[in-house]
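Working notes for the structure below.
The values are calculated or read from the model by the stated rules, or taken from the named source; none is laboratory data. Since this is a predicted model, take the numbers as computed values, not measurements. Here the Cβ positions follow ideal geometry from the backbone for every residue, glycine too, while neighbour counts run over all protein chains shown. Side chains are part of the model used for accessible areas, which takes the heavy atoms of the whole protein and leaves out ligands, DNA and RNA. Shrake-Rupley method; radii C 1.70, N 1.55, O 1.52, S 1.80 Å.
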Amino acid sequence: MVKPDRDIFDYLLRTYDLQAEDIIFVDDHEPNVVAARSYGIHTHHFLGAAGLRADRDAILDGRGLQMSEA
């Protein structure tokens, strides 16, 4: 199993008892991001840390959640 095949995403969701809408998939290879998004997973195409933080915060805010900085 390899990205972007659906099998890898299904395996991870099943193995860790996760729901697609409850995770954020981050990758620097756009086809992997597009595939994960098509399966209902929140995604971020990684181009730098600032963009990742902004997308993470937007996704969490949309769910009424907040990231704690330790």
For the chain, with all protein chains present and a 1.4 Å probe, just round the carbon and sulfur fraction of the accessible area to a whole percent. 53 percent
Set of segment 44-70 residues, backbone N closer than 14 Å to the point 7 Å along the Cα-Cβ line of residue 26: 44-60, 67-70
By the Cα gyration tensor axes a ≥ b ≥ c (a/c under 1.5 gives rounded; else a/b larger than b/c gives prolate, otherwise oblate), the shape of the chain is oblate
Return one number: the angle in degrees, 0 to 90 and rounded to the nearest 10, between the long axis of the Cα atoms of helix 6-15 and the longest principal axis of the Cα atoms of the chain. 70 degrees
